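The values are calculated or read from the model by the stated rules, or taken from the named source; none is laboratory data. The structure presented is a predicted model; accordingly, all values stated were derived computationally and were not measured. When we count neighbours, we look across all protein chains shown, and the Cβ atoms used for this are built from the backbone with ideal geometry, even at glycine. Remember, those area values only see protein heavy atoms, side chains included, never the ligands or the DNA or RNA. Shrake-Rupley method; radii C 1.70, N 1.55, O 1.52, S 1.80 Å.
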Amino acid sequence: MKKLMIVAAAALMVLTGQAQGNKYIVKTKGAAKAAVAEQAENGQGGEKVQEEPQDFLGRYFRYVSLCDWKDGMRFMVIPEKKDMVIKTFADAATGQMVSSRTLRHKIMVYKGHENTGGLHEHINFVCEDDGKAYYYEIPTASFDDYCYGKFGVPTLAYLGDVDTAIDLFRDKVLFTMADEYYVDTEVDGDGFKTILDVPEGTEVKVVAVGVGTRSFPVKIIVADSKGREFYQNVAISRTNSGMRDDEFDISNMKIHTFTGAFELPGDSLAASGGYRQYVGKKVFTLYNTEMFAQDGQRTRVARLSTFTIKDIRAQRGTHYVKMTLTGESTGRTYTKQVTFQSTNVAGDIDGQREDLFTSLFAWGNPLSMPGVRQANFSDVQKSIVRKGFTENEVKLALGEPTGHGEEKDMYTWVYNELGRPYACVFFDKATKKVRSISKLK
């Protein structure tokens, strides 16, 4: 029993030592010190992946077939539970198989392949951490036969993708796309918990990038506006992922690709084409409407509320876009689906505006308009007009008049639109302010 405890303690010390000082091992804040740091890597179950577009990601993250590996390509040993039983590497000096546990988180540098005269060829590596040479004996007689498949070398997560992701994504702003993410629960182990309460489209900032799993090698840790951290392991180039192309197309694997988990603001603007011109502009609502707040809750927004457009993202397969807006007075972030093209004329007539952008929003900040005063703004938002209001305050409260009239020292604006209460507003010609209001009961 005593001997068993000593062995367990030694294993724990090995794992702990490997994690310390390793830039590729990153954790979300709040992860606890694990009592036993021996869990299955990539234990999330049902890994999920989706095909990546050949645009920005395709330029920076290129798939490299095993047939095309070059000397110096770097990988990290990330064993799964089965790899603790089925050993992957042999010590080149002795020919003895080596436990994956002792190689966990070590970096292997590719050094080509060779036929040693045996039944199987070897794929050779040098370990950056201990300086030793290791090899993987391929399970077929020919390297050429083996390399054209998607099998690759077990346990190895491609660090080329991780290094590129560190350079491209660290400190960048992204938007969430998946319906689940993860939080680390152990500093020295692989424990995690799943979170399901991150609204799609949440703006987040990348706080760390490191190694994830063999299949999904890039671990991206992000933080929302409240500082809550969570992560996703994603496949980008798919180099040495060990998965077939058709496996990446399975619908329940989408969250483990970059595009299934996150969206770059630049990508969304490019996809949205002409909408780029609207980003950064101020708009205000022309009627009460509903938006989604940062916490995902549906929120009622009053008319004449002012926002800055932060992002517009096309919604695939529809004529709607998702707008991300920041409230002028609160600084809070909201999202709203709108359309720039009306497809239901009958709906517009009976008051169902379809959230048409030009019906819902006007440009600018109403409080910046000449003659619009903060003291009157609450009444204006409620469509109430009082004596002393200016022309712009009346227009904001009631809209454009349907008719005009003029007398000796007064002029009138008439509101007689179908479906709205009748009103006649009398202005003083000298002051251009409201003298009185007449309404039908």
Paramagnetic reach from ILE195 in segment 201-224 [backbone N under 18 Å; point 7 Å along Cα→Cβ] | 201-210, 219-224
Please work out how much length the chain gains when fully extended from GLU114 to GLU180, using 0.36 nm per residue of separation minus the C-alpha to C-alpha distance, in nm with one decimal.
-> 19.4 nm
Furthest towards positive pole of dipole, PHE175, THR202, SER237, structure part segment 171-239, Cβ charges | SER237
With 0.36 nm assigned to each residue of separation and the Cα-Cα distance removed, GLU137 to ARG244 gains 36.4 nm
Between ASP167 and MET84, 0.36 nm times their residue separation minus their Cα-Cα distance comes to what?
-> 26.6 nm
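Which value results when the Cα radius of gyration for segment 146-294 is divided by 2.2 N^0.38 Å?
After normalising by residue count via 2.2 N^0.38 Å, the value is 1.19.
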Carbon/sulfur accessible area of segment 77-187, % of total, 1.4 Å probe, equals 51 percent
Report, as a whole number in µm² per second, the diffusion coefficient that Stokes-Einstein gives for segment 65-190 at 20 °C and 1.002 mPa s using the Kirkwood radius over alpha carbon pairs.
-> 131 µm²/s
Listed peptides 392-398, 372-378 by packing density, highest first (mean Cβ within 10 Å) | 392-398, 372-378
Based on the Cβ-Cβ distance from ASP409 to ARG298, what FRET efficiency comes out when R0 is 51 Å, to the nearest 0.05?
-> 0.55
